[in-house]
1. Below 8 Å between Cα atoms, with a sequence gap of 6+, how large is the relative contact order for the chain in percent?
2. Does the stretch 124-186 come out rounded, prolate or oblate, given a ≥ b ≥ c as the square roots of the eigenvalues of its C-alpha gyration tensor, rounded meaning a/c under 1.5 and, failing that, prolate meaning a/b above b/c?
3. Given the options Asp297, Asp131, Asp210, state which has the largest fluctuation in a GNM of the chain using a 10 Å cut-off (strictly under) for Cα springs.
4. Cα gyration tensor of the stretch 166-314, axes a ≥ b ≥ c as square roots of the eigenvalues: rounded (a/c below 1.5), prolate (a/b > b/c) or oblate?
5. For the peptides 116-125, 302-311, what is the packing order when you average, over each peptide's residues, the other Cβ atoms within 10 Å and list the highest mean first?
6. When only C-alpha pairs under 8 Å and at least 6 residues apart count, what is the relative contact order of the stretch 124-186, in percent?
7. Can you work out the Karplus-derived ³J(HN,Hα) for every residue in the stretch 27-41? Use 6.51 cos²θ - 1.76 cosθ + 1.60 with θ = phi - 60°, whole Hz, and x for glycine or proline.
8. For the stretch 49-133, what is the relative contact order in percent, using Cα pairs closer than 8 Å and at least 6 residues apart in sequence?
Amino acid sequence: MSPPRLPPAILIMGPTASGKTAAAMALADRFPVELISVDSAQVFRDMDVGTAKPDRATLARYPHRLIDIISPEESYSAARFRADALAAMDEMTKAGKVPVLVGGTMLYFRALLHGLADLPQADAALRAEIDAEAAAEGWPAMHAKLAELDPVTAARLHSTDSQRLQRALEICRLTGRPMSELLAESEKQKPAYDFLSIALLPSDRAVLHDRIARRFDEMLLAGLDDEVRLLRQKYQLSLNLPSMRCVGYRQTWEAQDGTLPRKELRDRGIFATRQLAKRQITWLTNSFAAESIDCLDPALADTVSSRVAAFLSS
C-alpha cells in the first residue's frame, strides 16, 4: 500500500508587483483555502502604504495571517515566522482548509521549507574585527576570503553584500565550519506537507519595472511621506531598525531629514524596489524547486487556479 498523502499546502512566491496577492485572493474565492502572508514588511502595524498592504476592506473579506502582528519598534525573525506559520498551517489543516502562503520574503519561505540551521549568535567583537578588515581591504577582498572558507556561500553572494558576507565569515570563524554545510543540515527539517510551489516570474522584466514605477508613484500619491512622518511621531524609531530599512521607508526618511534631496526620492525609491525585485527573482530561480508561471499573463488568476485545481484533485 502507498503511504497516505500528506496534507496539501500551496506557496505563491514572486517578486514585488508580480500580482501575488490578487492570485491568492482568487484562490480564496474558488477553493477551501486560508491565507498566510509571507512578507517581512507587512508584519508591522501602521505600515500600510509603503508595504502595499491590502486595505481593511480587503483584509476583512480575505483575512491574512501574520499581517499587523508587531510594532515597527520590534524585530521579526525567520525563526519566529517559521513557528508562527507552522502553527497557523496546523490550525487550518485541522479545520479542513488548505494553507496558502503568499508573499515575497524568500528567506521566510526557505526557513519554512528547509528549517533553520543551528547557527551561532552574533559576536559583536568578531563583527567589529571583520568590519575593520573590510574597511582596510574592501568587501571584494573579504568575499575572496569567504570563497576560500565556504565557496558554496561565496558563489551566491555579491562581492559587495557586506551584511551577508560579514555573517558568513563570522559563522566560519566561530564554528570552524562553512555556513553552507550548517544550512545543509537543516534540510532535514522540511514540514510534513505536500507543497505545491508556484513562482510568479516576469517574461519581460521591463514590464515588471514599469509596474514597480507605477506602484511607487501610487504610494507617493497615497501619502507615503505622511505615513513615515506619523510613524516617527508615534514610535521610537531609527534607520537601524528592520522596519525602517524596508524599501521606500528608508528613502522617505532620508528625504525628510534632508540627507536625500527630495527631488531624488521617487527615483531612489523605484531603483531600490527594482533591486529588491532582482534579488527576489534570483532567490526564486536559484533556491526553489517551483513551477514558474508568467506573472504578466493577463489570465494569471485563472492560470494559477487551474494549476491548484489539478493539484488538489490529484
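1. 28
2. Oblate, since a/c reaches 1.5 and b/c is not below a/b.
3. Taking springs between Cα atoms under 10 Å, the residue moving most is Asp131.
4. Judged from the Cα gyration tensor, the stretch 166-314 comes out oblate (a/c at least 1.5, b/c at or above a/b).
5. Per-residue mean Cβ counts within 10 Å order the peptides as 302-311, 116-125.
6. Once normalised by length, the contact order is 30 percent.
7. 3J(HN,Hα) across the stretch 27-41, in whole Hz: 5, 5, 6, 10, 9, x, 10, 10, 9, 10, 6, 10, 9, 6, 9.
8. Reported as a whole number, the value is 27 percent.
Each reported figure results from applying straightforward, stated rules to the coordinates on display, with no laboratory input. Remember, it's a predicted structure, so these values are computed and weren't measured experimentally. Note that each Cβ is placed from the backbone with ideal geometry, even for glycine, and that neighbours are counted across all protein chains shown.
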